[in-house]
Amino acid sequence: MMRTRQRAFTLIEILVVIAIVGIATGITFALAAPDPRDIALRDARELARAIDHATRRAQWRRELLGVSADGGRIRYWRRDPGGARWLEADDGTLRAWTLPGVAIVRALDYAGRPVAGDSVIPLRASGRNEPFAFAVDAGGWRTRVTSDPLNRVSIADPVRVSP
């Protein structure tokens, strides 16, 4: 009786394949991971679009609105009927939302003066607003989103910031 020898993989061959798959997976994740600079710029664009929309809406509807940022969360505000305090807006398009990336957002200045990071920045119905700026920070990169008195929103190139 003749025995046929079955062909199988050796332990060394299996370990080599596992090592190659592990290296390929690591390279794929490294290449696919978003760059913090790109995250800061992308999230700054999202914030700029949202601010632009809110300023236009304040003019269209002739209402005083506000915008604030706390971490990655953006919130919209309206003045109460007596005008004494801000009330959170929640009517569909002006709803609190979170930036899609891992960025941290905060107010930097209003009318040329530094403000607390979670300050409400007013957006007047007249369309004539004081200049203001927000910072979008992601992974050691900062992008400034600024608005001038004519509501032109601009985004600066990301710059490296020290931790």
Requested in this report: Give me a count of the residues in region 93-103 that are open to solvent by 40 Å² or more (accessible area, probe 1.4 Å) and either modelled with pLDDT of 90 or more or in a loop (DSSP other than H, G, I, E, B) (or both).
Outcome: 4
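Can you pull out every residue in region 112-163 that is assigned to a strand (DSSP E or B) and among the polar types (S, T, N, Q)?
Filtering region 112-163 for residues assigned to a strand (DSSP E or B) gives 113-114, 121-123, 132-138, 141-147, 153-155, 159-160.
Selection gives T143, T146, S147, S154.
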Query - Number of the exception - R79 against (1) more than 17 Å from A40 (Cβ to Cβ); (2) open to solvent by 60 Å² or more (accessible area, probe 1.4 Å); (3) touching a Ser or Thr at 6+ places or on another chain (Cβ under 6 Å) - result: (3)
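Regarding I74, is this residue part of a strand (DSSP E or B), open to solvent by less than 60 Å² (accessible area, probe 1.4 Å) and either among the basic types (K, R) or under 19 Å from R142 (Cβ atoms) (or both)? Break it down stepwise before answering.
On the way: part of a strand (DSSP E or B): yes; open to solvent by less than 60 Å² (accessible area, probe 1.4 Å): yes; either among the basic types (K, R) or under 19 Å from R142 (Cβ atoms) (or both): yes.
Yes; evaluated as a whole, the condition is true for this residue.
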Requested in this report: For R106, work out the one condition from (1) assigned to a loop (DSSP other than H, G, I, E, B); (2) modelled with pLDDT of 90 or more; (3) of a type in the set (K, R) it doesn't fulfil.
Outcome: (1)
Requested in this report: Would you mind stating whether R49 is under 17 Å from D157 (Cβ atoms), assigned to a helix (DSSP H, G or I) and open to solvent by 70 Å² or more (accessible area, probe 1.4 Å)?
Outcome: no
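The values are calculated or read from the model by the stated rules, or taken from the named source; none is laboratory data. Everything numeric in this text was worked out from a predicted model, so none of it was measured. Glycine gets a Cβ as well: all are built from the backbone with ideal geometry, and neighbour counts include every protein chain shown. Ligands, DNA and RNA are excluded from the accessible area calculation, which covers all protein heavy atoms including side chains. Shrake-Rupley method; radii C 1.70, N 1.55, O 1.52, S 1.80 Å.
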